[in-house]
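Below is one structure, written out as structure tokens, with a few remarks after it.
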Amino acid sequence: MSASLPERLRRHCRQLLGTALLAVTCLSQPLQAQEPLRLKIVGGLADVSQYVRYEEPFWRERVSALTQGRVVGEIAPFDRAGFRAEEMLQLMRLGVVPFGTALLAIVSSEEPEFNAVDLPALNPDFASLRQTVRLYRPHLRELLLERYGIELLAVYTYPAQVTWCRRPFNGLADLAGRRIRASSVGQAEIFEALGATPVVIPFAGMVQAMKAGVVECAVTGTLSGNAIGLQEVSTHIHSMALTWGVSVFGANREAWRSLPEDIRATIRKGLEELEETIWDSAARETVEGFDCAASRPGCSTGPRGNLSVVPVTPADDARRRSLLVQTVLPRWVDRCGPDCAEAWNRYLGPALGIPAYAH
């Protein structure tokens, strides 16, 4: 990507730079016992459990406890930080955001290579996602450092994104002919390949769109869909994850290196624990979302529905793999280029048995 920025983004950077310079200045000053280091953090999506239950408490409370008061964190969610989420990596490169969270599906509109770990149809279950992230993580670290000067500190995930429908279906093949709310280019490509019509609708408008018959199905998280009332307008929910919502947390290299070495080690260890907690939570919430949708005993936090949970059949899994091989992967390589095909074949292709070909 070119290092130049649009004039609009330059203006916004100048507006934010005063705040950022204060944070970086604090980082570069000698440590004084009476004056803690103050870190400014941009976290994940507002109001969801990953941010409210885990990220925010870590930076507002836990990091101070871990460092015995030597570090104080201030955090805000990226969707309320006053800039476009697509610009997060550029803002971190410039130091305007010294510590930040980037949702890979969003920043991949500028850098498609980052979305390799969460391509639609790639990770149908949690174990698959774990393996994919583990295999590709060294390349993510390398990309962030070389292209943006960002030190990778953690990788997070949201719960599974699944398909909810207002009338019965038995698997992917039955989605043909339906209008389906999709949340990404890759999801739209899958539904088109299935013979369905993808429709872009904001998260907050899904329930009304289902009620009004604008769409027959919608893709969103298991527990988040339940929270907004999709269980009231749906009859069936598919147990196959289409995507997840993987994000990276990192630091501007200079801001990170300005911290004392022992502080860096303490924060890195704390973030390793936070990452594992967030992944465990995503696995739990994925299951609980299904439990709440179907009024199973495992539902403890959300309203209950009366949906049928559609199991993943061997035919579904074969179709998913076919979609990945014939549609998702080739189109991703077309958008991304030969370097992406090479990275796929080095890090992911051997384990999956699926090579990528650049045209």
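Values in this text are rule-based calculations from the coordinates and carry no lab data. Worth saying up front: this structure is predicted, and the values here are computed from it rather than measured. So basically every Cβ, Gly included, is an ideal-geometry build from the backbone, and we count neighbours across all protein chains shown.
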- Query: Going by how many other beta carbons lie within 10 Å of each one, how would you line up Arg80, Arg253, Arg38, fewest first?
  - Reply: Arg80, Arg38, Arg253
- Task: Take every Cα-Cα pair in the range 81-152 and report what % of them are more than 14 Å apart.
- Result: 61
- Once Lys and Arg are counted +1 and Asp and Glu -1 for all other residues with Cβ under 9 Å from that of Lys211, the total becomes 0
- Note on the structure: Summing +1 per Lys or Arg and -1 per Asp or Glu among the other residues with Cβ less than 14 Å from Leu37's Cβ gives +1
- Item | Relative contact order computed over the chain (Cα-Cα under 8 Å; 6+ residues apart), in percent | 20
- Note on the structure: With the label point 7 Å along the Cα-to-beta-carbon line of Arg62 and a cut-off under 17 Å to each amide N, the hits in the range 153-180 are 153-159
- Query: For the range 74-223, which semi-axes, largest first and in whole Å, follow from the square roots of 5 times the eigenvalues of its Cα gyration tensor?
  - Reply: 32, 18, 13
- Item | Rule-of-thumb Rg ratio for the range 305-359 [Cα; 2.2 N^0.38 Å; N residues] | 1.47
- Specify the angular offset, from 0 to 90 degrees and rounded to the nearest 10, of the alpha carbon long axis of helix 338-347 from the longest principal axis of the alpha carbons in the chain. 90
- Could you work out the helix-only [θ] at 222 nm for the chain, with each DSSP H run of four or more residues adding -39,500 (n - 2.57) and the total divided by the number of residues, to the nearest 500 deg cm²/dmol? -13000 deg cm²/dmol
- Environment charge at Leu143 (Cβ cut-off 9 Å; Lys +1, Arg +1, Asp -1, Glu -1): -2
- Only Cα pairs under 8 Å and at least 6 apart count here; give the relative contact order of the range 69-156 as a rounded whole percent. 21
- Item | Which of Ile278, Ile263 has the fewest Cβ neighbours within 10 Å, and the rest in rising order | Ile263, Ile278
- In whole percent, what relative contact order does the range 78-237 give with Cα contacts below 8 Å and a gap of six or more residues? 20
- Message: On C-alpha positions alone, give me the angle between the axis of helix 314-323 and the longest principal axis of the chain, in degrees, nearest 10.
- Response: 60
- Per-residue HN-Hα couplings for the range 44-59 [Karplus 6.51, -1.76, 1.60; θ = phi - 60°; Hz; x = Gly/Pro]: x, 4, 5, 6, 8, 5, 4, 6, 5, 8, 10, 5, 4, x, 4, 7
- Query: FRET efficiency for Ala176 and Leu145, Cβ-Cβ distance as r, R0 = 41 Å, nearest 0.05?
  - Reply: 0.40
- Note on the structure: The value for the chain (convex hull of the alpha-carbon atoms, volume per residue, Å³) is 135
- Overall dimensions of the range 233-359 by Cα: Rg and Dmax, Å: 20.4, 55
- Message: With the crude spin-label approximation of a point 7 Å out along Cα→Cβ, what separation in nm comes out for Ala318 versus Asn306?
- Response: 3.6
- Kindly write out, for the range 102-113 in residue order, the coupling ³J(HN,Hα) from the Karplus curve 6.51 cos²θ - 1.76 cosθ + 1.60 (θ = phi - 60°), rounded to whole Hz, with x marking Gly and Pro. 10, 7, 4, 5, 7, 5, 6, 5, 9, 10, x, 4
- Query: Among Tyr158, Tyr51, which comes first, second and so on when ranked by fewest other beta-carbon atoms within 10 Å?
  - Reply: Tyr51, Tyr158
- Here the Cα Rg-to-2.2 N^0.38 Å ratio for the range 223-285 is 1.72
- Item | Fluctuation leader among Ala341, Ala218, Ala160 - the chain, Gaussian network, Cα springs under 10 angstrom | Ala341
- Item | With Cα atoms, 0 to 90° folded angle of helix 261-293 axis to the chain main axis | 20
